[in-house]
Amino acid sequence: MTIPTEDPIYSDEGLALNPELLKYDRLYESIEQSELLNQKESAPNIGFGLDYVPVSERPDMTFSDNGKDIVMPMVSLSIPIFNNRYSSVSKQNELRQLEIESQKTERLNVLETAFAKAKSQRNQARIQFNTQEKSLMQANDAEEILIKNYETGTIDFNDVLDIQELQLKFQMNQIESIKMYYVQSALLNYLIN
């Protein structure tokens, strides 16, 4: 595995579509609906109705409407006099909306910070990878020189082993850089998708 030559371009504008932020929008909308309901409840109510009572005919009595069913139209009017309850609920809804807005802003700041940090660490991983690659090439050149010197008998074999150990260390650091690059790329992808 290696690091790609060009990084995918991630824009922090995609953070606005993060599900963690969309949750706050839904909560805000639910409080708006709650406020609409409160306003509706605080308004005067008017009601119309019809009451029907079946009446059976009484044989022992004689009068003009004997046995005639009763139909009663009704009108009701309710005017809230004590509006403290409704104004209190409105104030609570307003405060909850402010709370949700501040929570959303705080969460957006956290996500933007995480986004910037992941982008920075991904760039840092690329720089480390390139540095390790240059160092590995120089160590390979040094190994060739040391092997030729060992063949002529001017140096000990331990010097060749030391440079090979150094090459192995550079390769391990390269692998660590690749891992860090892909972890940070996955984090960036998570934050904006």
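The values are calculated or read from the model by the stated rules, or taken from the named source; none is laboratory data. In this text, all values refer to a predicted model and were calculated from it rather than measured experimentally. Cβ placement follows ideal geometry from the backbone for every residue including glycine, while neighbour counts extend to all protein chains displayed.
Quick notes
- For the range 131-168, the candidate set comprises residues that are of a type in the set (Ser, Thr, Tyr) and at pLDDT 90 or above; within that set, the residue that is farthest from the chain's Cα centre (by Cα) is Ser135.
- Any hit, the range 91-113, residues being part of a helix (DSSP H, G or I) and over 26 Å from Leu22 (Cβ atoms): yes
- Residue check, Ala16 within 26 Å of Gln184 (Cα to Cα) and among the hydrophobic types (A, V, I, L, M, F, W, C): yes
- For first residues located in the range 129-150 and closer than 21 Å to Lys179 by Cα and touching a residue at least 40 places away in the same chain (Cβ under 8 Å), partners that are aliphatic (A, V, I, L, M) and surrounded by 16 or more Cβ atoms within 10 Å (Cβ to Cβ) and lie 6+ apart or on another chain with Cβ distances below 7 Å form the pairs Phe129/Ile3; Phe129/Ile178.
- Residue selected from the range 144-163 under the condition touching a Leu at 6+ places or on another chain (Cβ under 9 Å) and part of a helix (DSSP H, G or I), by the criterion surrounded by the most Cβ atoms within 10 Å (Cβ to Cβ): Ile163
- Residue count for the range 1-15 satisfying the condition of being touching a residue at least 60 places away in the same chain (Cβ under 8 Å) and either among the aliphatic types (A, V, I, L, M) or assigned to a loop (DSSP other than H, G, I, E, B) (or both): 8.
- Checking each residue in the range 174-186 for being over 11 Å from Gln121 (Cβ atoms) and surrounded by fewer than 17 Cβ atoms within 10 Å (Cβ to Cβ) picks out Ile175, Glu176, Lys179, Tyr182, Ala186.
- Positions within the range 109-122 being of a type outside the set (D, E, K, R) and surrounded by 13 or more Cβ atoms within 10 Å (Cβ to Cβ), in sequence order: Leu111, Ala114, Phe115, Ala118, Gln121
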